[in-house]
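Worksheet for the structure shown next.
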Amino acid sequence: MTHPISGTPARPPGEGPLAASAAGEQPLSTQQRTVLERLITRLISLTQQQSAEVWAGMKHDLGVKSDTPLLSRHFPAAEQNLHQRLDVAQQNHATRQVLSQLTELLSLGNNRQAVSDFIRQQYGQTALSQLSPEQLKNVLTLLQKGELSIPQPQLRPATDRPLVAAEHNTLNQLVTKLAAATGESGKLIWQSMLELSDVKSGELIPAKHFTHLATWLQARQTLSLQHAPTLQSLQTALKQPLEPNELATLKEYAQQTYQVQPQTVLTTAQVQDLLNQVFLRRAERDKELSEPRHIQPIYSPFAPVIDSLKSLSARPGLVFIALLIAFLIFWLVA
């Protein structure tokens, strides 16, 4: 922001300058320069600027030539200019810290998708860089409190329809990225996916496996970039986070099979086997939940009566007593 400083107006010949004007034309006092230098030091600590750059920018804002020293009369505007610059730098620094914290949290579970959905719905934006500092703080607070999440996909009856073109292309892109990251043949990756899906060569992968295969591919790529993957990092690499019972089962499998703990560094083969286990268990769970025996009736009001009649039919004596009691009640009421 420019703060024009008016110079001392010309005086008529023979008329001396006022004392205050004469004092204002003096160079900055030691105390004034110290105040400005302290502000500049604080500003430099928050930005990538150099001291000379800040002095030059300040002079430009004040309308003072770069090769002209500041005078005492410039001090009030110079101090105000630096305070304004410092306020902006502090706000930017705080925003960078919030973005840094958000970036760390986005890599966990489905946080990235949750944040993307939230800022699109609440602020009409698609990128964090488009949010105001207050909006960023709000997103971070909600994320830290666990109040910003998306529900797990609802399980629908399994379908044997094959992958549609869009689903196949999505998987193919993920396979390409994984092959580039690991050096593994894309053909071998597809073969592993066919085996996981229990599909014979030449057959098409059912669409019901699409989500789990995408999660499997993304997790493999993420973990391939880590030098020391662990069971804990495997958990955070999954786009669909492990549920508590899944995590407990996986830890038990890893302990029994490889004698590893959550912080033990895993080999590439162990990582792939554990991800295979996650896929297989989820596919089995989907299959069980889609079977007819898991479909419960909405309500069966006559079930208790029917069950009672079945029980009584096995004991004729009780049937006679029940009918006698019913007759007496009917007679008394009538």
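Return a yes/no flag: does region 92-100 have any residue that is surrounded by 13 or more Cβ atoms within 10 Å (Cβ to Cβ), among the small types (Gly, Ala, Ser) and in contact with a strand residue (DSSP E or B) (Cβ under 8 Å, 6 or more places away or on another chain). Among the residues of region 92-100, not one is surrounded by 13 or more Cβ atoms within 10 Å (Cβ to Cβ), among the small types (Gly, Ala, Ser) and in contact with a strand residue (DSSP E or B) (Cβ under 8 Å, 6 or more places away or on another chain), which makes the answer no.
If I filter region 49-75 down to residues being part of a helix (DSSP H, G or I) and among the small types (Gly, Ala, Ser), which single residue comes out as farthest from the chain's Cα centre (by Cα)? So that I can check it myself, show each step before the final result.
Keep residues of region 49-75 that are part of a helix (DSSP H, G or I), which gives 51-62, 72-75.
With the extra rule that they be among the small types (Gly, Ala, Ser), the set shrinks to 51-52, 56-57, 72.
Numbers: Ser51: 38, Ala52: 40, Ala56: 41, Gly57: 39, Ser72: 52 Å.
Looking at residues that are part of a helix (DSSP H, G or I) and among the small types (Gly, Ala, Ser), I get Ser72.
Residue pairs whose Cβ atoms lie under 9 Å apart, separated by 6 or more positions or on different chains, with the first residue in region 220-241 and touching a residue at least 60 places away in the same chain (Cβ under 8 Å) and of a type in the set (S, T, N, Q) and the second part of a helix (DSSP H, G or I) and open to solvent by 50 Å² or more (accessible area, probe 1.4 Å), are Thr236/Thr222; Gln240/Thr211. The set of residues in region 158-197 that are in contact (Cβ under 8 Å) with a residue 40 or more places away in the chain and farther than 19 Å from Ser224 by Cα comprises Ala158, Thr159, Asp160, Arg161, Pro162, Leu163, Val164, Glu167, Thr170, Leu196, Ser197.
Tally the residues that are exposed (fewer than 11 other Cβ atoms within 10 Å of the Cβ) and farther than 18 Å from Gln97 by Cβ, restricting the search to region 121-136. Show your work before the answer.
At the first step, the residues of region 121-136 found to be exposed (fewer than 11 other Cβ atoms within 10 Å of the Cβ) are 121, 124, 126-127, 129, 134.
Adding the requirement that they be farther than 18 Å from Gln97 by Cβ leaves 121, 124, 126-127.
Qualifying residue count for the region: 4.
Counting the residues of region 256-291 that are under 14 Å from Asp198 (Cα atoms) and open to solvent by 40 Å² or more (accessible area, probe 1.4 Å) gives 4. Taking region 218-253 on its own, how many of its residues are of a type in the set (D, E, K, R), over 22 Å from Thr176 (Cα atoms), touching a helix residue (DSSP H, G or I) at 6+ places or on another chain (Cβ under 9 Å) and outside any helix (DSSP H, G or I)? Of the residues in region 218-253, 0 are of a type in the set (D, E, K, R), over 22 Å from Thr176 (Cα atoms), touching a helix residue (DSSP H, G or I) at 6+ places or on another chain (Cβ under 9 Å) and outside any helix (DSSP H, G or I). Only one entry in Asp160, Asp198 is of a type in the set (D, E, K, R) and at pLDDT below 85, namely Asp160.
The values are calculated or read from the model by the stated rules, or taken from the named source; none is laboratory data. Just so we're clear, the structure is a prediction, and the values are computed from it rather than from any experiment. Virtual Cβ from ideal backbone geometry, glycine too; neighbours counted across all protein chains shown. For the accessible areas, the whole protein counts, side chains as well, though only heavy atoms, and no ligand, DNA or RNA atoms are used. Shrake-Rupley method; radii C 1.70, N 1.55, O 1.52, S 1.80 Å.
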